[in-house]
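Worksheet: one structure, shown below.
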Amino acid sequence: MIRSTLQQQLLADFTDRNSLSTPMRKPHLLYVAWGYPPARGAGMYRALASANAYAEAGWRVTVLTATRETFASLTGTDELAEQQIQSSITVVRVPFDLSRGETNLSQWTRLRVASPLLWSFLKSLGESSAFPEPRYGAWRRPLVAAAREVHRNTPVDLVIGTANPNIDFLPGYYLNKSHGIPYVMDYRDTWHLDMYRGSRIGSRSSRSARWEKRLLKSASEVWFVNKPILQWHAREFPTDAPKFHVVTNGFDPEFLQGQVDRVSSRDGLIFGYLGTIYGPMPVHETLEGWRQARKHSPVLANAVFEIHGRLGHYSAPNAQMLELIESYAVDGVRYMGIVSKTQVAEVYSRFDALLLVLGQSEYISSGKVYEYAGTGLPIASLHHPETASTTVLQDYPRWVAAAEVSAESFAESIVALGMMALDSDADAQAQARKSAARFERLRQLEPRISEWTRQTMSESGRQ
């Protein structure tokens, strides 16, 4: 991985200070992320990049995450992404209870065989008593114990927990209470904000809400992926708002290296979607819009629409979504399957243009929008104009935005995108990539890494 100028300077600072007569140890970051390679899922990329960035900036990094068996069972695995973990990082894999998904009846307890419903009820009760987060509550004890063991062996200077699940915040909280260690809450997702409806989830007096309030109060910093989410939390927790920061998602340029520019041809444009399809995304309107565009535009008569990525959050594709997509096969729609992060450059090299499909929300900017921009390809936003990603792309030079969520509006945007792809050249793609350079993930992380490095170095200098 290529170090930025800032990273080189920070590492040089550590080298200079370590060369003094009294050697100074590297600061130690404990990074907590349930979804870390080889897990699949959008959140894994932020965790992978964040831990790597701290390691490159001169920190000793230990990551607490779940076992490979956990990911193989629940999300599927991406072994190639695991190879991108910085070699100096220590990964501690904490066992996760997989009994809920056990299908071998010989492994079931007598109670579960006699009454699966009672067993499930008691299981949920035990999980929620440990921590009010379904399925993850039972992970509290082994996770916190692992954090304490790490600190006992090598004192920790900073803890960053990235959610979801929100149980990732607990190691920082407990190390702060017992040893005064600062911790950061990285809200990749939200806890009590319904990002599609813009409303609060649950009561403010619920146990999970009380936990969130307690964690926020003790945290040194809280990160959010965009300004609307930060503002919502600032209204909910005004006394904690001064320590809130926006640390947006971004794209990882090393994964786009090797992307080959296509020469667009009227003989058969290839449009692409790369990402996870989930939640209330306008997939049906997109497919209908594609059918209409292909029917009414000679430019698109032989065009193909390839969908790469996961259908749902689990390793097996969502059956209903897969059936819907396959029903448009006659219109040139193809589902291509799951893609490793290390293969995205190859996939983007197939495309003449990209379709960005998102659910309506002023709070959702999506991590994928940054990577789309990083390719330099023409992009059509097929989502409601109020979705947060609109502000990300408003200065991108190769962009078409649908006026509303409807098959007709999407069709117009797809036709316009096809013409843009045909009328562009390599220089246009290079200029678009240049404009998107500000979205590189490291540029979003650098200010916080720099600040925590200086704070930790200053604190160490006083000791």
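Looking at Arg291, is it of a type in the set (Lys, Arg) and either buried (at least 16 other Cβ atoms within 10 Å of the Cβ) or closer than 23 Å to Ser424 by Cβ (or both)? Answer is yes for this residue. Under the condition of being in contact with a Pro (Cβ under 7 Å, 6 or more places away or on another chain) and in contact (Cβ under 8 Å) with a residue 40 or more places away in the chain, which residue from segment 61-83 is nearest to Asn166 (Cα to Cα)? Checking each candidate, the answer is Leu64.
Among the residues of this structure, Arg112 does not count as one that is at pLDDT 85 or above, more than 30 Å from Gly250 (Cβ to Cβ) and part of a helix (DSSP H, G or I).
The rows are residues; the columns are (1) touching a helix residue (DSSP H, G or I) at 6+ places or on another chain (Cβ under 8 Å); (2) modelled with pLDDT under 95.
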site	(1), (2)
Ser361	no, yes
Lys368	yes, yes
Pro378	yes, no
Pro385	no, yes
Tyr396	yes, yes
Met419	yes, yes
Leu422	yes, yes
Asp425	no, yes
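Considering Arg140, Arg135, Arg148, the condition of being among the basic types (Lys, Arg), touching a residue at least 24 places away in the same chain (Cβ under 8 Å), out of contact with any strand residue (DSSP E or B) (no Cβ under 9 Å at 6 or more places or on another chain) and not in a helix (DSSP H, G or I) is satisfied by Arg135 alone. Only one entry in Arg148, Arg140, Arg135, Arg112 is at positive phi and surrounded by 15 or more Cβ atoms within 10 Å (Cβ to Cβ), namely Arg135.
From the set of residues in segment 223-269 that are of a type in the set (Asp, Glu), open to solvent by 20 Å² or more (accessible area, probe 1.4 Å) and part of a helix (DSSP H, G or I), which is farthest from Phe351 (Cα to Cα)? Among them, the one singled out is Glu236.
Apart from one condition, Ser106 fits all of (1) modelled with pLDDT under 85; (2) assigned to a loop (DSSP other than H, G, I, E, B); (3) open to solvent by 60 Å² or more (accessible area, probe 1.4 Å); the exception is (2). When segment 408-463 is filtered for residues that are open to solvent by 20 Å² or more (accessible area, probe 1.4 Å) and hydroxyl-bearing (Ser, Thr, Tyr), the ones remaining, listed by number, are Ser424, Ser435, Ser458, Ser460. Restricting segment 167-195 to residues that are over 17 Å from the mean Cα position of the chain (by Cα) and in a loop (DSSP other than H, G, I, E, B), the residue that is surrounded by the fewest Cβ atoms within 10 Å (Cβ to Cβ) is Gly180. Note on segment 73-101: residues that are part of a loop (DSSP other than H, G, I, E, B), more than 19 Å from Arg46 (Cβ to Cβ) and at pLDDT below 85 amount to 2.
The values are calculated or read from the model by the stated rules, or taken from the named source; none is laboratory data. Keep in mind that what you see is a predicted model, and the values were worked out from it rather than measured. For neighbour counting, all protein chains shown are included, and Cβ atoms are generated from backbone atoms with ideal geometry for every residue, glycine included. With ligands, DNA and RNA removed, areas are computed over all heavy atoms of the protein, side chains included. Shrake-Rupley method; radii C 1.70, N 1.55, O 1.52, S 1.80 Å.
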